Amino acid sequence: MPVDTLSTRLTGLRGFYRAGYQSVLAYRADLLFGIVGLVIQATLTVVVWRVLFTGHDQVAGIGSATAVAYAVLAACLQAVVMPWQFSSLPLRVMRGQIGVDMIRPRSLISQNLAQAGGTMVGRLPLGAAGLVTGLALGAVKAPHSVLDLLVSVVSMALGVANILTINLLVSMTAFWTLEIGGIMILYRFGSAFLSGALIPLWFMPEWLQPIISWLPFQAQIYAPLSIWFGTRHGADLVGTLALQLAWVMVLFLLLQLVWRRAVHRVVVLGG
Amino acid sequence: MAEQVKTLSPIREDLRASRILLRAGWRAAMSYRISFLSAILGGMVLQGTQLLFIGVLLAKFNVIDGWRLNDIAFLFGMRLAAHAFYVVPFGALLSIDQAIQQGDVDRYLLRPAGTYLQVITRYAPLMALGDALLGFGAVAVFAPQASVDWTPGKVVFLIAALVGGGLVETGMQTFLAGLSFRMTSTMSLRILADDTITRFSGYPLTMFSRWGFLSLTFIFPMAFIAYLPATVLLGRTDDLPIPAWLAYLSPAGGPVVFAIGLVFFNRMIRSYTSPGS
Amino acid sequence: MIIEVADLTKDFSRPDVRPGRFAGTRSLFTRARKVTRAVDGISFQIDDGELIGFLGPNGAGKSTTIKMLTGILVPTSGTVTVAGQVPWRDRRRNARTIGAVFGQRTQLWYDLPLRNSFEIIRDLYSMDPATYRTRLGEFTELLDLDEFIDTPVRSLSLGQRMRGDLVAAMLYAPRILYLDEPTVGLDVVAKGKIREFVAEINAGRGTTVILTTHDMDDVERLCRRVVIIDHGKILYEGDVGMLKAQYVTSRDVVVHCTDFDATTISSPFAQVVSADTFKATLRFDPEVTAAPKVVHDLTSRYPITDLSLLEPDLEDVIRQLYTERTPVPARGTGA
Ligand SMILES: Nc1ncnc2c1ncn2[C@@H]1O[C@H](COP(=O)(O)OP(=O)(O)O)[C@@H](O)[C@H]1O
Ligand SMILES: [Mg+2]
């Protein structure tokens with residue numbers, strides 16, 4: 001039996017990563033429309049926020065420029081990390097192809113994560129297009145310091161890990177029920193609201209803020225962007241990163257747990 | 001035995017067929033009972049986040065482009081209810097790509113009923129019930145609070161506008177769905193249209209500048225869905241860079257846009273290349 | 001003449017993706033398209049009440065032709081007339097004239113019991129309840145639907161589903177039935193049932209049937225006339241018997257014996273192909289010597305215990321035709 005080193009493991013997964021990446025490019029029209037769409041929506045979003053701020057200097061301590069930039073960056077991030085079909089797992093379960101996946105020499109979790117990672121990379125042009133639009137409209141703000149920039153990039157990586165894990169967790173409901181359309185929508189739009197992709201936590205009602213900050217979703221988009229805009233310092237900054245990391249670990253453990261039960265289900269009940 | 005039926009007009013025949021097919025669709029949907037609740041909840045959440053969004057923002061900002069919370073809420077409610085008039089009867093249009101890629105359209109072309117009709121009755125869009133619940137609920141709650149002096153005439157206008165708005169959205173989606181006969185997939189295009197409508201058709205559209213407004217009226221006719229009729233009800237037609245009578249006629253935009261979409265869709269069926277078997 | 005096809009052609013085009021580095025990225029910007037001609041100028045006619053075999057290797061263009069006949073596809077050029085109508089233009093009228101079964105794809109309502117599908121069809125085609133009941137009764141008996149008629153289609157076996165599809169296509173008694181590989185992947189019993197059914201609706205009810213299949217047993221048992229196509233062009237059109245006669249230039253006779261050494265056999269009319277102690281195979285040209293003469297010669301000269309004359313095998317004929325790929329001039333067209 002061949003030795004399973006880290007490097008052979010990674011080579012094994014490269015295929016799945018590439019499959020995800022290429023599946024984005026295979027539907028060229030989808031990607032092009034995605035780009036056009038983001039350009040239009042970023043523009044409209046900028047207008048909405050600017051109009052909202054007419055007559056206000058600051059709301060909840062946040063100025064117009066920051067709010068507008070936040071909206072654009074959040075839209076770009078979301079477009080990259082949240083494709084309409086964020087996992088092929090439900091479809092494969094439904095078609096009974098999951099058995100084949102489980103025979104493969106890599107764990108199903110890493111297969112799916114690699115593929116989702118590839119899909120994200122394939123969608124980077126979308127984010128770039130949104131960013132360019134934002135820049136053209138003078139709506140993007142750079143971080144205050146290089147440190148903020150570096151830390152927010154680390155924070156974004158943790159946010160992406162968080163999203164990938166939760167996406168896969170939610171997709172795994174497919175092992176228990178065939179019709180998961182409703183659940184997917186619930187998750188997609190619920191998380192868009194709770195992650196701060198639509199509205200930054202700054203503007204949420206006071207009673208809602210503590211609830212949201214105890215959920216894992218705010219670690220996806222709100223956390224890295226709040227660092228980007230320099231609203232966190234010192235202990236707050238470190239605490240944010242620590243919380244993000246903790247969420248990723250907890251979620252990953254949960255994923256293993258759920259996966260174990262799913263395997264049990266497939267093996268014992270025949271899917 | 002089918003001799004008498006041949007004399008029926010295609011429209012009556014389609015109405016009959018739609019009753020039969022809808023019943024089949026609902027029967028199939030009910031065979032997966034568990035999904036019922038989650039689907040309806042999904043539909044409510046999808047549109048609900050937009051309502052939440054606008055609610056949270058207005059709690060902080062109070063006005064958008066001179067519109068106060070109560071009128072914006074009413075405008076959003078109109079848009080939600082109009083959307084329900086699209087998704088409840090026509091929601092299955094969303095699956096046009098699958099219908100084409102899996103060759104289900106083969107079957108539709110072989111049966112004595114309209115192809116479009118069979119596409120929209122492919123399955124019962126359970127989620128749409130959530131949309132409807134939320135949309136009609138929103139109108140019922142926000143209409144009395146809007147700055148409108150309700151008269152029977154205005155109520156009739158509102159209902160016509162909601163149905164018309166639904167047909168505008170249907171027409172646009174039908175047009176885009178027609179492109180699926182030529183292109184591998186138009187899902188992203190249709191989601192883009194849907195998403196843009198979901199997110200932006202509930203604003204006073206004149207805020208997007210003169211040209212923005214004109215394109216959203218005449219090119220991507222989103223303004224007909226809720227904004228134009230709302231300016232009539234709220235007495236704000238002076239805001240518009242177009243003649244007021246166009247806003248008064250806006251409910252009629254629905255049938256027009258729908259007819260254009262349907263004619264295009266039916267024309268595009270000729271380009272159908274059934275997947276190889 | 002119920003079906004007339006003249007110069008029928010169908011092209012498919014799709015984006016041309018060249019392999020290589022960044023193929024995906026490059027395809028974002030190219031508009032190159034590749035055209036496949038699936039059906040290439042074919043013409044034929046089918047009489048009312050005929051049962052015709054439509055044959056050809058994989059990718060020959062059979063399904064594409066059937067789809068144009070049924071009105072699913074619009075021809076690139078050429079004309080199709082079915083019962084006086086252009087199928088894709090008079091779609092609704094055509095729909096009541098034809099039934100179709102595609103072996104690869106079901107036309108039934110996937111999530112509903114088979115019986116529900118039949119009821120939907122009854123309503124869609126506005127059948128009166130009495131006719132529906134008697135016809136469903138007859139078909140149920142012919143195809144043994146009883147045991148699975150209340151099972152959801154998604155849980156049916158292939159053979160059961162195919163029988164369901166056949167009934168769904170014939171319930172409203174269309175004048176024409178198109179069958180595209182209805183027996184593919186079925187076991188012997190299921191195939192037999194389907195053949196019986198097809199023979200009955202053709203002979204008993206006068207339905208015109210167009211059948212594509214790769215199973216030569218289907219053809220031998222059901223069809224008198226065949227159209228064979230390859231690469232979208234007609235290779236042969238005409239009688240099955242004539243096709244064999246034309247292609248089979250030799251026939252084999254096998255003799256068995258116990259009282260003498262079979263290796264010593266010889267005949268002025270036939271050539272020994274193989275021989276061992278108990279059995280010999282001889283080959284002769286039926287155009288030169290008639291089979292009875294060969295048989296008589298052998299039986300009169302040797303004490304033979306058993307003799308069999310091998311039937312010309314359609315399978316071999318078809319194989320030969322596909323490999324040579326040259327059109328055969330039609331002889332003795334059934335029409
Ligand atoms: N929808 C389609 N798009 C592109 N090419 C197709 C399509 N359908 C069939 N073809 C091509 O047309 C040819 C004939 O196919 P088909 O009619 O299915 O053959 P057959 O049924 O005889 O096996 C094949 O080369 C096939 O690849
Ligand atoms: Mg075929």
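Summary of values
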| quantity | calculated |
| --- | --- |
| Positions within region C:60-102 being in contact with an Asp or Glu (Cβ under 6 Å, 6 or more places away or on another chain), within 10 Å of ligand 1 (Cβ to nearest atom) and in a loop (DSSP other than H, G, I, E, B), in sequence order | C:Ala60 |
| Helices (runs of 4 or more DSSP H) lying entirely in region B:92-172 (those with 3 or more residues that are away from chain C (no Cβ under 14 Å) and not hydrophobic (A, V, I, L, M, F, W, C)) | B:127-142 |
| Residue within region C:44-59 that is more than 16 Å from ligand 2 (Cβ to nearest atom), assigned to a helix (DSSP H, G or I) and in the same structural domain as C:Asp150 (by TED's automatic domain parsing) present | no |
| Test: residue in region B:268-276 that is more than 14 Å from chain C (Cβ to nearest Cβ) and either within 30 Å of C:Gly59 (Cβ to Cβ) or open to solvent by 50 Å² or more (accessible area, probe 1.4 Å) (or both) | no |
| Extreme residue, farthest from B:Ala113 (Cα to Cα), among residues of region C:72-94 that are within 10 Å of another protein chain (Cβ to nearest Cβ) and more than 22 Å from the chain's Cα centre (by Cα) | C:Val74 |
| Top-ranked residue of region B:225-251 - restricted to ones that are open to solvent by 50 Å² or more (accessible area, probe 1.4 Å) and assigned to a helix (DSSP H, G or I), ranked as farthest from ligand 1 (Cβ to nearest atom) | B:Asp238 |
| Which listed residue is within 16 Å of ligand 2 (Cβ to nearest atom) and within 14 Å of another protein chain (Cβ to nearest Cβ), from C:His231, C:His214 | C:His214 |
| Selected residue (only one of C:Asp239, C:Asp165 is acidic (Asp, Glu), open to solvent by less than 40 Å² (accessible area, probe 1.4 Å) and within 16 Å of ligand 2 (Cβ to nearest atom)) | C:Asp165 |
| Residue in region A:207-225 that is of a type outside the set (D, E, K, R), in contact with a Gly (Cβ under 9 Å, 6 or more places away or on another chain) and within 30 Å of B:Pro125 (Cα to Cα) present | yes |
| Residues (over 22 Å from A:Ala60 (Cβ atoms) and surrounded by 19 or more Cβ atoms within 10 Å (Cβ to Cβ)) located in region B:52-80 | B:Asp71, B:Phe74, B:Leu75, B:Phe76, B:Gly77, B:Met78, B:Arg79, B:Leu80 |
| Hits in region C:12-39 - residues which are at pLDDT 75 or above and open to solvent by less than 40 Å² (accessible area, probe 1.4 Å) | C:Ala38, C:Val39 |
| Residue ID - nearest to A:Thr165 (Cα to Cα), chosen from residues in region A:235-246 that are open to solvent by 50 Å² or more (accessible area, probe 1.4 Å) and among the small types (Gly, Ala, Ser) | A:Ala242 |
| Tally, over region C:168-183, of residues that are away from ligand 2 (no atom under 16 Å from the Cβ) and not hydrophobic (A, V, I, L, M, F, W, C) | 3 |
| Looking only at region A:174-202, and only at residues there that are open to solvent by less than 50 Å² (accessible area, probe 1.4 Å) and either among the charged types (D, E, K, R) or in contact with a strand residue (DSSP E or B) (Cβ under 7 Å, 6 or more places away or on another chain) (or both), the one that is nearest to B:Phe36 (Cα to Cα) | A:Arg188 |
| Among (1) charged (D, E, K, R); (2) surrounded by 16 or more Cβ atoms within 10 Å (Cβ to Cβ); (3) at pLDDT 90 or above - the single one C:Arg205 does not satisfy | (2) |
| Conditions (1) open to solvent by 90 Å² or more (accessible area, probe 1.4 Å); (2) at pLDDT 75 or above; number of the one not met by B:Lys6 | (2) |
| A:Ala42 away from every other protein chain (no Cβ under 11 Å), farther than 27 Å from A:Ile109 by Cβ and modelled with pLDDT of 70 or more | yes |
| Output for region C:68-89, where each listed residue is open to solvent by 10 Å² or more (accessible area, probe 1.4 Å) and either of a type outside the set (Val, Ile, Thr) or farther than 17 Å from C:Val209 by Cα (or both) | C:Val74, C:Pro75, C:Thr76, C:Ser77, C:Gly78, C:Thr79, C:Ala83, C:Gly84, C:Gln85, C:Val86, C:Trp88, C:Arg89 |
| A:Gln85 away from chain C (no Cβ under 14 Å), assigned to a loop (DSSP other than H, G, I, E, B) and either under 19 Å from A:Gly118 (Cβ atoms) or acidic (Asp, Glu) (or both) | yes |
| The listed residue being more than 16 Å from ligand 2 (Cβ to nearest atom), farther than 30 Å from C:Val74 by Cα and open to solvent by less than 30 Å² (accessible area, probe 1.4 Å), out of B:Thr217, B:Thr170 | B:Thr217 |
| Total residues in region A:203-221, condition within 14 Å of chain B (Cβ to nearest Cβ) and buried (at least 19 other Cβ atoms within 10 Å of the Cβ) | 3 |
| Residue among B:Ala29, B:Ala39 that is assigned to a helix (DSSP H, G or I), within 11 Å of chain A (Cβ to nearest Cβ) and over 19 Å from the mean Cα position of the chain (by Cα) | B:Ala29 |
| Filter result (surrounded by fewer than 21 Cβ atoms within 10 Å (Cβ to Cβ), part of a loop (DSSP other than H, G, I, E, B) and at the interface with chain B (Cβ under 7 Å from one of its Cβ atoms)) within region C:108-123 | C:Asp111, C:Leu112 |
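The values are calculated or read from the model by the stated rules, or taken from the named source; none is laboratory data. What you are looking at is a predicted structure, and each value in this text was computed from that prediction instead of being measured. Cβ sites come from the backbone with ideal geometry, for glycine too, and all protein chains shown count toward neighbours. When the accessible area is computed, the model is the full protein with side chains, heavy atoms only, and any ligands, DNA or RNA have been set aside. Shrake-Rupley method; radii C 1.70, N 1.55, O 1.52, S 1.80 Å.
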